[in-house]
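What follows is one structure encoded as structure tokens, with my remarks underneath.
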């Protein structure tokens with residue numbers, strides 16, 4: 001009873017605090033100065049039509065690097081928590097999944113049709129991050145959704161964890177190397193102007209942003225795939 | 001106008017998530033409540049970046065370079081939301097991993113079974 005009452009008090013007081021935010025909120029009529037300068041500078045200085053990608057991969061690319069580090073730590077800690085000593089992990093994979101009912105024909109055929117399409121779509125999202133909505137994180141998540149579909153449709157399917165970790169580490173190292181190249185050849189760490197900016201709006205443009213986007217997509221896709229693999233029984 | 005509707009929705013989602021976390025005793029439901037709170041926060045972040053009559057800050061035929069500064073929404077909250085979504089997913093993954101371990105150790109997902117760390 002006391003617990004229920006305290007929950008109600010907590011919810012109501014939190015709700016009142018949030019309601020004061022709604023009451024005091026007024027919609028912005030024009031972008032703030034910082035937003036304005038980003039909107040002006042990203043197409044001019046970086047040559048990227050998508051302002052958000054320009055912010056994520058150049059102006060705040062250090063943030064993105066930290067975020068990639070967080071993802072790496074999550075993959076490691078999930079591996080630590082769901083480590084090999086886990087009870088059902090004993091025995092080869094075939095024994096563990098043999099009791100599982102195989103997925104139906106519809107799911108298997110659907111997977112065969114969809115996984116290549118999902119992979120192509122992921123590549124499209126990653127490589128067009130500087131032109132339209134998209135980028136490395138989003139495309140990497142799409143890659144991982146393809147891996148998840150494979151894991152659901154074929155319980156025996158096992159992505160090679162060694163290949164995934166090596167690819168991921170190489171992509172991460174190259175990301176940092178591109179950043180260091182910016183330190184030498186351009187204005188600072190992770191500056192995208194180490195490569196020619198090219199024609200505004202073209203596929204090969206915006207300097208190193210497509211390269212960084214591709215590396216990020218590969219890294220995120222591999223990391224999420226490893227994470228999914230860890231979660232299976 | 002639009003953004004205050006979105007803002008209210010996001011804040012409601014935060015409240016629903018908090019309510020779910022406080023009332024449920026099943027660890028998976030607590031994790032779902034936490035994810036709802038996170039999603040609500042993302043919606044709030046995106047909503048406060050909205051500029052009246054703004055559009056996505058992507059320069060193309062629909063949004064020329066000259067009018068971008070007056071017609072585009074604030075790009076910084078959108079960039080932060082991308083970051084927040086990835087981190088939210090990561091935190092959820094770690095919580096689920098711990099939930100699996102807790103289930104293995106005591107064969108139940110009720111949080112009442114784990115009293116060792118209760119103060």
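Is at least one residue of region A:194-207 assigned to a helix (DSSP H, G or I) and more than 14 Å from chain B (Cβ to nearest Cβ)? No: zero hits.
For region A:166-182, the candidate set comprises residues that are without any contact (Cβ under 8 Å) to a residue 60 or more places away in the chain and out of contact with any helix residue (DSSP H, G or I) (no Cβ under 7 Å at 6 or more places or on another chain); within that set, the residue that is surrounded by the most Cβ atoms within 10 Å (Cβ to Cβ) is A:182. In region A:38-53, of all residues being more than 7 Å from chain B (Cβ to nearest Cβ), assigned to a helix (DSSP H, G or I) and at pLDDT below 85, the one that is surrounded by the fewest Cβ atoms within 10 Å (Cβ to Cβ) corresponds to A:44. Within region A:153-165, is even one residue crowded, with 19+ Cβ neighbours inside 10 Å and more than 30 Å from residue A:107 (Cα to Cα)? No, region A:153-165 has no match at all. Any residue at all in region B:23-42 that is touching a helix residue (DSSP H, G or I) at 6+ places or on another chain (Cβ under 8 Å), farther than 28 Å from residue A:70 by Cβ and part of a loop (DSSP other than H, G, I, E, B)? Yes, because at least one residue in region B:23-42 is touching a helix residue (DSSP H, G or I) at 6+ places or on another chain (Cβ under 8 Å), farther than 28 Å from residue A:70 by Cβ and part of a loop (DSSP other than H, G, I, E, B). Consider region B:87-119 and keep the residues that are under 30 Å from residue A:39 (Cβ atoms) and free of Cβ contacts under 8 Å to residues at least 24 places away in the same chain. The one that is surrounded by the fewest Cβ atoms within 10 Å (Cβ to Cβ) is B:87. Out of curiosity, is residue B:47 touching a helix residue (DSSP H, G or I) at 6+ places or on another chain (Cβ under 6 Å), in contact (Cβ under 8 Å) with a residue 40 or more places away in the chain and over 30 Å from residue A:34 (Cβ atoms)? No: the conditions fail for residue B:47.
Count of region A:1-27 residues, restricted to those that are outside any helix (DSSP H, G or I) and touching a helix residue (DSSP H, G or I) at 6+ places or on another chain (Cβ under 8 Å), is 2.
Can you work out which of the residues in region B:53-86 that are in contact with a helix residue (DSSP H, G or I) (Cβ under 8 Å, 6 or more places away or on another chain) and surrounded by fewer than 16 Cβ atoms within 10 Å (Cβ to Cβ) is farthest from the other protein chains (Cβ to nearest Cβ)? Among them, the one singled out is B:55.
The values are calculated or read from the model by the stated rules, or taken from the named source; none is laboratory data. Worth saying up front: this structure is predicted, and the values here are computed from it rather than measured. Please note: Cβ atoms are built from the backbone with ideal geometry, for glycine as well, and neighbour counts cover all protein chains shown.
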